[in-house]
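Working notes, structure below.
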Amino acid sequence: MATITDTEIQKIIEKIGIQVRELRNNKSKVPYYKLAEETLKINKNTYFRIEQGEFDYNISWLLLILKHHGIKPSKFFKNAGL
């Protein structure tokens, strides 16, 4: 049975953060803090940390972000190389 290391988990979180940031820059074109607090109702610092790959967020926040951008999780993860 294969296990995943803490380093591998961090790399996945970083890839997801990069993809979230690319979605915002390509689709929303609004500053992260406006998208976070005005649209998604997520604390701006939390959202920033998600984009930076510094935050181990819960899946519902990620799904909320994907819903806002109109992207399916399978496409998101494929685009992130996961």
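The values are calculated or read from the model by the stated rules, or taken from the named source; none is laboratory data. As the structure is a computational prediction, the values presented were derived from the model and not from experiment. Virtual Cβ from ideal backbone geometry, glycine too; neighbours counted across all protein chains shown.
Which condition number does Ile16 fail, the rest of (1) among the hydrophobic types (A, V, I, L, M, F, W, C); (2) in contact (Cβ under 8 Å) with a residue 40 or more places away in the chain; (3) not in a helix (DSSP H, G or I) being met?
Unmet condition: (3).
Do we find that Glu37 is touching a helix residue (DSSP H, G or I) at 6+ places or on another chain (Cβ under 7 Å), surrounded by 12 or more Cβ atoms within 10 Å (Cβ to Cβ) and either in a loop (DSSP other than H, G, I, E, B) or without any contact (Cβ under 8 Å) to a residue 60 or more places away in the chain (or both) in this structure?
Yes: the conditions hold for Glu37.
Can you name every residue in region 9-34 that is of a type in the set (S, T, N, Q) and either over 19 Å from Asp56 (Cα atoms) or surrounded by fewer than 17 Cβ atoms within 10 Å (Cβ to Cβ) (or both)?
Gln10, Asn25, Asn26, Ser28, listed by residue number.
Matching residues to (1) of a type in the set (Lys, Arg); (2) touching a Phe, Trp or Tyr at 6+ places or on another chain (Cβ under 9 Å); (3) modelled with pLDDT under 90:
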site: Thr3; (1), (2), (3): no, no, yes
site: Asp6; (1), (2), (3): no, no, yes
site: Gln19; (1), (2), (3): no, yes, no
site: Glu22; (1), (2), (3): no, no, no
site: Asn25; (1), (2), (3): no, no, no
site: Tyr33; (1), (2), (3): no, yes, no
site: Glu37; (1), (2), (3): no, yes, no
site: Lys44; (1), (2), (3): yes, yes, no
site: Arg49; (1), (2), (3): yes, yes, no
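Could you give every pair whose Cβ atoms fall below 6 Å, whose first residue belongs to region 67-80 and is under 17 Å from Ala36 (Cβ atoms) and at pLDDT 90 or above, and whose second residue is among the acidic types (Asp, Glu) and surrounded by 12 or more Cβ atoms within 10 Å (Cβ to Cβ), counting only separations of at least 6 or pairs across chains?
Within 6 Å, no pair qualifies.
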